[in-house]
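Below: the structure, in structure tokens.
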Amino acid sequence: QVQLQESGPGLVKPSQTLSLACTASGFTFSRYAISWYRQAPGKERELVAVISSAGVTTNYTEPVKGRFTISRDNAKNTVYLQMNSLKPEDTAVYYCAKGSTWSKIAPIDSWGQGTQVTVSS
């Protein structure tokens, strides 16, 4: 079955860097876009970044542009989210997901359980 698992939680200070990994199984990883979402307390889940199946195309939500980088290693069935210059407002549970909103052919249909990222001094 399809499984996605994020790396462990992280607690960092403002301005610091944290990298998340999402390892997937149960599907042909290289055929699917992968998305990162986050959900902060009291807020709805929002898209953070998305990467195309071959890693050629990426998109980011405006608040993280220039700070976060999504990448993937299809040989390892893993997608990464490098988060630089973290801010307290980045605090959220981060989820990876199979698929994207780019097309109706491969919509999001599976989610990881999420990992807590806390940015605090």
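The values are calculated or read from the model by the stated rules, or taken from the named source; none is laboratory data. Keep in mind the model is a prediction, meaning the values are calculated, not measured. A quick note on method: Cβ atoms are made from the backbone with ideal geometry, for glycine too, and the neighbour counts reach across all protein chains shown. Side chains are part of the model used for accessible areas, which takes the heavy atoms of the whole protein and leaves out ligands, DNA and RNA. Shrake-Rupley method; radii C 1.70, N 1.55, O 1.52, S 1.80 Å.
Tabulated results
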| item | result |
| --- | --- |
| Test result for L47, open to solvent by 40 Å² or more (accessible area, probe 1.4 Å), closer than 27 Å to I105 by Cα and not in a helix (DSSP H, G or I) | yes |
| Qualifying residue in segment 72-79 (condition: part of a strand (DSSP E or B) and surrounded by fewer than 20 Cβ atoms within 10 Å (Cβ to Cβ)) | yes |
| Extreme residue, most open to solvent (accessible area, probe 1.4 Å), among residues of segment 6-15 that are farther than 17 Å from S35 by Cα and under 18 Å from the mean Cα position of the chain (by Cα) | L11 |
| Some residue of segment 28-37 being touching a strand residue (DSSP E or B) at 6+ places or on another chain (Cβ under 8 Å), open to solvent by 20 Å² or more (accessible area, probe 1.4 Å), part of a loop (DSSP other than H, G, I, E, B) and more than 18 Å from N84 (Cβ to Cβ) | yes |
| Residue list for segment 86-121, restricted to those being among the small types (G, A, S), in a strand (DSSP E or B) and surrounded by fewer than 17 Cβ atoms within 10 Å (Cβ to Cβ) | S110 |
| Every residue from segment 61-107 that is over 12 Å from W36 (Cα atoms), without any contact (Cβ under 8 Å) to a residue 24 or more places away in the chain and among the polar types (S, T, N, Q) | S103 |
| Extreme residue, surrounded by the most Cβ atoms within 10 Å (Cβ to Cβ), among residues of segment 51-66 that are within 24 Å of L86 (Cα to Cα) and of a type in the set (A, V, I, L, M) | I51 |
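One line per residue, one yes/no per condition, for (1) within 11 Å of the chain's Cα centre (by Cα); (2) among the hydrophobic types (A, V, I, L, M, F, W, C):
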| position | (1), (2) |
| --- | --- |
| Y37 | yes, no |
| G42 | no, no |
| S52 | no, no |
| R67 | no, no |
| R72 | yes, no |
| L81 | yes, yes |
| L86 | no, yes |
| C96 | yes, yes |
| S110 | no, no |
